[in-house]
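See below for the structure under consideration.
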Amino acid sequence: AAFSGGMFVQGFPEYGPERMGAPITAYNRISKERVTVHSNIYEPDFVVVVDETLIESVDVTKGLKEDGAIIINSSKPASEFKALLKGYKGRVCTCDARTISEETLGKNFPNTPMLGAVVKVSGVMEEKAFLEAMENSFAHKFASKPEVLKGNMAALVRSMNEVKELLSRIEIALDFYNKNLTDK
């Protein structure tokens, strides 16, 4: 989607010697300028954790910039992960990609909803342009299965609407205060 929108894109996985089912790391660079670096990313702006069980065994915030964010596939609130993130002070977001994919696609395919969550949290692309590019991509990829196109688009939209972010104590207090004022 970013490439079709005129951006430069680079993506590659890093597989270790582990057996199938072991955690992998994948890197993506998206830029308005040509990407000339060809290495791992040691100080990412955003980290996406598709399997929340990795948080206790892998340092998922290593090098993560505090003005970036971590986005975790989980039905739990973001606040439940803060203590597990080794003192990370940046934004923590969650998206229940499993439920979204099961309800829109019929199976647990978390990648599509997590992609929508990343676009929402990062702002790497304008949302409308992203959705149009993805619809064009899915229309080509699933030309013989229009129901799959519809389900994937629904998963993207839902995840963009349902991604949740851990609020600061000030934001929580203001929200509480505003709700109490409107109730009286």
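A short reminder: the numbers here are calculations on the coordinates, not readings from a lab. Quick caveat, the model's predicted, so the values are computed rather than measured. Note: ideal-geometry Cβ built from the backbone for every residue, glycine included; neighbour counts use all protein chains shown.
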Gained length - A83 relative to I24, 0.36 nm times residue gap less alpha-carbon distance: 18.9 nm
Point-charge dipole on Cβ atoms (K/R +1, D/E -1) for segment 83-141, about Cα centre, debye to 20: 380
Computed over the chain, Cα set: Rg, Dmax in Å: 17.7, 61
Net length gained if the chain between E165 and L181 were fully extended (0.36 nm per residue, minus Cα distance): 3.4 nm
R0 of 22 Å, Cβ-Cβ distance K107-F142: FRET efficiency to nearest 0.05: 0.95
Computed lengthening from E127 to S31, 0.36 nm per intervening residue step minus Cα-Cα distance: 32.9 nm
Considering only the chain, percent of DSSP beta bridges that pair antiparallel, nearest 5: 50
Cα-Cα over 27 Å, subset of K107/K164; K82/K141; K76/K141; K62/K141: K82/K141; K76/K141; K62/K141
Packing rank of 87-97, 38-48, where each peptide gets the mean count of other beta carbons within 10 Å, highest leading: 87-97, 38-48
Normalised contact order of the chain, rounded percent, pairs of Cα under 8 Å and 6 or more residues apart: 18
Computed [θ] at 222 nm, helices only, for the chain once each DSSP H run of length n ≥ 4 contributes -39500 (n - 2.57): -12000 deg cm²/dmol
Compactness of segment 20-120 - radius of gyration and Dmax, Cα, Å: 14.1, 40
Residues with amide H under 5 Å from that of V48, placed H, sequence gap 5 or more: I71
Dipole moment magnitude, nearest 20 debye, the chain about Cα centre, only Lys, Arg, Asp, Glu C-beta charged: 80
